[in-house]
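Values in this text are rule-based calculations from the coordinates and carry no lab data. What you are looking at is a predicted structure, and each value in this text was computed from that prediction instead of being measured. Note: ideal-geometry Cβ built from the backbone for every residue, glycine included; neighbour counts use all protein chains shown.
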């Protein structure tokens with residue numbers, strides 16, 4: 001399964017946009033562009049803050065209700081991150097083009113259309129954050145995100161981080177969580193049956209994936225093998241991607 | 001170098017030892033930093049944190065994004081239309097137009113003022129930049145009444161470059177500090193041209209020969225896109241000159 005491959009990102013692949021990023025992980029490839037702050041249409045204008053407009057375009061066909069729902073989830077998360085008060089009466093437009101989705105050998109992907117597509121949210125959010133960083137948009141913090149599934153096996157339930165499409169198909173419940181770089185919970189969406197204990201478990205797992213670079217820096221070496229099973233260190237990935245970009249931009253310093 | 005200018009991401013905590021302190025001067029925060037009262041300083045963009053102990057200031061050095069007007073910047077704008085007593089000038093695409101009063105040109109009176117048609121380029125200074133208001137421009141120094149190089153740009157051609165390159169070209173010593181030598185090299189090769197650099201990522205190039213305009217523009221955009229160093233810039237200039245002849 002593609003989940004074992006490390007995440008990969010390219011910053012500013014599109015020269016004409018203010019900011020852009022291409023991100024691929026776990027079989028998903030998403031390209032994002034950020035334009036803004038630009039003049040907003042009269043009906044979108046807020047007197048005291050920028051309007052964040054998120055557009056999700058699926059890999060094939062035109063977007064429908066499902067994309068509109070994804071947009072509303074991302075819109076509320078991203079406008080928390082961007083310092084919208086810095087740009088009153090303007091528009092910040094974020095376009096997310098899904099380029100590839102993982103193949104699911106077990107089910108016909110067409111049928112999945114009816115339910116909300118949870119595993120794509122981390123890919124979309126991560127790409128949007130990278131594109132915003134590439135556009136040098138003033139932000140409160142960066143964010144990392146993970147999808148966690150609760151799978152019941154032989155009567156006991158366990159949490160699966162970075163769940164594959166098959167895991168999600170058979171899971172009792174699926175959760176998407178996002179954390180800011182200050183370890184605050186930014187987004188929590190759940191689907192399915194689960195108990196409070198299970199949710200606490202899910203929260204801990206997601207937090208470990210999203211916020212672990214601080215822990216590994218503190219020298220907890222023993223946990224490293226354990227952690228690597230639970231997916232890559234997203235925060236470290238974000239930092240190293242940006243480091244490459246900043247070094248290339250400021251080579252003249 | 002890395003230790004001197006650490007990488008910061010939005011929301012990172014800044015090590016207090018990096019924040020300069022001065023007995024008398026207040027701390028000045030430049031672009032990319034935000035003061036979160038009472039006493040937290042947070043970066044808002046990804047870049048290298050630079051501190052100047054002498055001026056007691058700190059800022060984040062980065063490249064990219066859209067130009068956001070700030071007071072005192074020199075920009076190259078394009079006239080969109082004219083109203084009764086001011087021009088509406090476009091500084092960056094798709095943003096609200098800046099206003100340039102008809103009378104803020106050198107020696108302009110109600111009867112004699114430059115007639116600018118839509119599409120004309122002007123080199124202007126930002127006099128008012130405020131997030132709640134549209135920016136205002138001037139083509140004359142308010143204190144001396146002289147143009148000081150500002151005004152309508154006739155002939156030539158404008159090229160788009162990144163904000164970082166525009167900043168480097170505008171540095172007082174762009175060769176030593178900015179590592180940009182392509183214009184000096186082109187001049188040394190015997191080309192005659194004049195340029196104006198706008199902080200909004202536009203470079204205007206003018207010359208008697210159209211070939212020279214295109215060559216200078218291409219040299220600048222290529223330096224920008226490929227991130228060429230001084231040595232590579234020399235090679236590029238040699239190559240372009242050879243191709244032209």
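For the reader, a short list of remarks on this structure follows.
- Residue-averaged beta-carbon neighbours from other chains (10 angstrom radius) around B:39-47: 5
- As a rough guide to protection, the peptides A:174-181, B:117-124 ranked by mean Cβ packing within 10 Å, highest first, stand as A:174-181, B:117-124.
- Distance from the C-alpha centroid of region B:174-224 to that of region B:40-77: 24 Å, rounded to the whole angstrom.
- Taking the helices alone, the protein assembly as shown has a mean residue ellipticity at 222 nm of -8000 deg cm²/dmol, built from -39,500 (n - 2.57) per DSSP H run of at least 4 residues and averaged over all its residues.
- Estimated distance in nm for a label pair at residue A:191 and residue A:14, the labels positioned 7 Å out from Cα along Cα-to-Cβ: 2.6 nm
- In nm, spacing of pseudo-spin labels at residue A:97 and residue A:46 (7 Å Cα→C-beta vector): 2.8 nm
- Shape class of region B:7-61 from the Cα gyration tensor (axes a ≥ b ≥ c, square roots of the eigenvalues): prolate, since a/c reaches 1.5 or more and a/b is larger than b/c.
- For A:14, A:238, the sequence from fewest to most other C-beta atoms within 10 Å is A:14, A:238.
- Helix A:196-210 vs. chain A, principal-axis angle (Cα, 0 to 90°, nearest 10): 50 degrees
- The calculated FRET efficiency for the pair residue A:240 and residue B:175, based on their C-beta separation and a Förster distance of 30 Å, comes to about 0.40.
- Shielding by partners, peptide A:11-23 (average Cβ within 10 angstrom, other chains): 2
- With a 10 Å cut-off around each Cβ of B:62-73, the average count of Cβ atoms from other chains is 5.
- Beta bridges from DSSP with both residues in the protein assembly as shown: antiparallel share about 90 percent, rounded to the nearest 5.
- Ranked list, fewest to most other Cβ atoms within 10 Å of each Cβ, for B:242, A:166: B:242, A:166
- Spin-label pair residue B:18/residue A:248, simplified geometry with 7 Å Cα→Cβ offset, distance in nm: 2.2 nm
- By the beta-carbon count within 10 Å of each Cβ, the least crowded to most crowded order of A:170, B:143, B:112, A:127, fewest first, is B:143, B:112, A:170, A:127.
- Global form of chain B, assessed from the alpha-carbon gyration tensor, a/c cut-off 1.5: oblate
- Three-way shape label, region B:157-244, alpha-carbon gyration tensor, a/c 1.5: oblate
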